[in-house]
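**Student:** Take this structure, written in structure tokens, and hold onto it; I'll ask about it next.
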Amino acid sequence: MSNITEFQSSLLGERYYKIDHDSGLTVFVFPKNLSTTYGVFSVNFGGNAVEYVNGDETVTLPYGCAHFLEHKLFENEDGSTADDVFSALGAYDNAYTSNERTAYIFSATENVKEAVSHLLYFVTHPYFTKQTVKKEIGIIAEEIRGCIDDPYDRCYMNMLDAMYFENPVKNEICGSEESIGKITPEVLYRCCKDFYTPENMVLCLCGNISPEEALEIVDLEIGKERRGFNSKFLSFDEPGEVKKSYVERKMPVGKPLFCIGVKDCNIPEDALERYKKTEGMNILLHMMLSEAGDFYLEMLEKGIVSPGFDSGYSASPKTAYVMISGESDSPELLLEKIKEHIAKCRRDGLVRADFEREKKCVYASYIGDFDSTEDIAFALTSYAYDKVDLFKYPEIINEITFEYITELLETAFKDEYFVLSTVKPE
């Protein structure tokens, strides 16, 4: 029998529910009395899915399979699309494919239960033919060409390609024109069978719906029978160093673009520690490089950097890096100035008042997210795969101390881990 667990936060005065469904599907329901209800139905199958083992068989997929499948699942056997059904319900639908997962989304102000039912139905009822797959190859090929012609996308992907040897994150989520040409209905049906099973999926709902209503819909659309999940991605051996320290491309841009990456191979295995490091690194970057800081203002005044300068840290179980991006007439000089600034911060020490301010900003952002059903649904989805309670986040932030930030500054940003990717005017 499906089990319902309640989670409460005295800090926020909020609660949500986790349903361990008989089918193996994990369902999160966050009742919220706001105008819009948001739903995310996701599968642990994304752009990084290339090689995996299913039982005794090793399977290699063409690059771009997860993204291609995301597009095709919206088509129904009767010729209609999921968009048609959601529109008739007065709902909005969408989907995205990341490196780690694929997610199918709806938002609705009415007909919520019907929208949830259709979300579950169209994702779990694939229909492909040779003709529709061939047509989609042409559509996605146009999308791929658009990405290739986008200088910002090229700058970012070239940074990843220079940073990593084996990590599939360096590959385009859409694949290439050559790789998607190898996709057939049989390949797509195989992906559905091996990965689109309840045990490998998560449903997150936030808004005007109760856990009992959600359970009733899941019972009807998914059923209570377990299909079994027996697929495992093959691991890869990624060296600690970067592949290239510099990569340049010429494209029709008015001003040079840059992406500075700093590879991090020291990724905590424990999800809570990884979340702590992610927030700690982002606090540290804001302390050193925010647009309100002295360093950025000095670089702006000297004309070394243009407005729009940004920095952040991204981490998943297999991938972590710092990225600093923007426009600069002299990306190479900016990189040297950033390295000098980091060295100065190590030598002179960080400012505790800056740390306290940035930490309060993180708290405020976390609390502010609970005013949005969309933000809550996506947060629940992210935390679900790491098996972390959403309400544990304040405890994670509280463990980030000034001394911890100082330690991160000492251990990160080694010269040999830096990569500079530029796109310069033709």
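**Student:** Using only the alpha carbons, work out the radius of gyration and Dmax of segment 37-175 in angstrom.
**Tutor:** So, for segment 37-175, Rg and Dmax equal 16.8, 48 Å respectively.
**Student:** Now for a separate question. Provide the gained length on full extension for the span Leu333 to Ser2, in nm with one decimal, where the gain is 0.36 nm per separating residue minus the Cα-Cα distance.
**Tutor:** Once the chain is fully extended between Leu333 and Ser2, it gains 113.2 nm.
**Student:** Same structure again: Which of the residue pairs Lys32/Lys392; Lys170/Lys344; Lys250/Lys344; Lys135/Lys243; Lys113/Lys224; Lys302/Lys424 have a Cα-Cα distance greater than 29 Å in the structure shown?
**Tutor:** Lys170/Lys344; Lys250/Lys344; Lys135/Lys243
**Student:** Viscosity 1.306 mPa s, temperature 10 °C: Stokes-Einstein D of segment 181-302 from its Kirkwood Cα radius, in µm² per second?
**Tutor:** 75
**Student:** Another question about this same structure. With a 10 Å radius around each residue's Cβ, average the other Cβ atoms per peptide and rank 60-72, 189-201, 237-249, highest first. List each step's numbers first, then the result.
**Tutor:** On the way: 60-72: 21.5, 189-201: 19.5, 237-249: 14.3.
Going by the mean number of other Cβ atoms within 10 Å, highest first, we get 60-72, 189-201, 237-249.
**Student:** For helix 402-411, report the angle its Cα long axis makes with the longest principal axis of the Cα atoms of the chain; keep it between 0 and 90° and round to the nearest 10°.
**Tutor:** Compared with the principal axis, the helix lies near 80 degrees.
**Student:** Determine Rg/Rh for segment 267-306; Rg is computed over alpha-carbon atoms and Rh is the Kirkwood hydrodynamic estimate from the same atoms.
**Tutor:** Looking at segment 267-306, the ratio lands at 1.24.
**Student:** Here's something else I'd like to know. Can you give me the angle between helix 331-348 and the longest principal axis of the chain, using Cα atoms only, in degrees from 0 to 90, rounded to the nearest 10?
**Tutor:** 80
**Student:** Continuing with this model, one more query. For n ≥ 4 DSSP H runs only, could you compute -39500 (n - 2.57) per run for the chain, divide by its residues and tell me the 222 nm figure to the nearest 500? If you can, show how the numbers build up before the last one.
**Tutor:** Details: 15 runs with 176 residues, N = 426.
So the calculated ellipticity at 222 nm is -12500 deg cm²/dmol.
**Student:** Let me ask you something else. Where does helix 185-195 land angle-wise versus the long Cα axis of the chain, in degrees 0 to 90, nearest 10?
**Tutor:** 80
**Student:** Once the dipole of the chain is set up with Lys and Arg at +1 and Asp and Glu at -1 on Cβ about the Cα centre, which of Phe309, Leu335, Asn230 lies farthest towards its positive end?
**Tutor:** It is Leu335, whose Cα lies furthest towards the positive end.
**Student:** Roughly speaking, what is the stretch gain from Asp78 to Tyr385, that is 0.36 nm per residue apart minus the C-alpha to C-alpha distance, in nm to one decimal?
**Tutor:** 107.1 nm is the gain from fully extending Asp78 to Tyr385.
**Student:** May I ask you to order 332-343, 28-39, 208-219 by the average number of other C-beta atoms within 10 Å around their residues, highest value first? Kindly include the intermediate steps, with their values, before the conclusion.
**Tutor:** On the way: 332-343: 16.3, 28-39: 19.5, 208-219: 17.8.
Descending packing order for the listed peptides: 28-39, 208-219, 332-343.
**Student:** Over the Cα atoms of the chain, what Rg and Dmax result, in angstrom?
**Tutor:** My reading of the Cα-based Rg and Dmax gives 22.9, 68 Å.
Bear in mind that the values in this text are calculations on the coordinates, not laboratory data. Keep in mind that what you see is a predicted model, and the values were worked out from it rather than measured. Cβ atoms come from the backbone with ideal geometry, glycine included; neighbour counts cover every protein chain shown.
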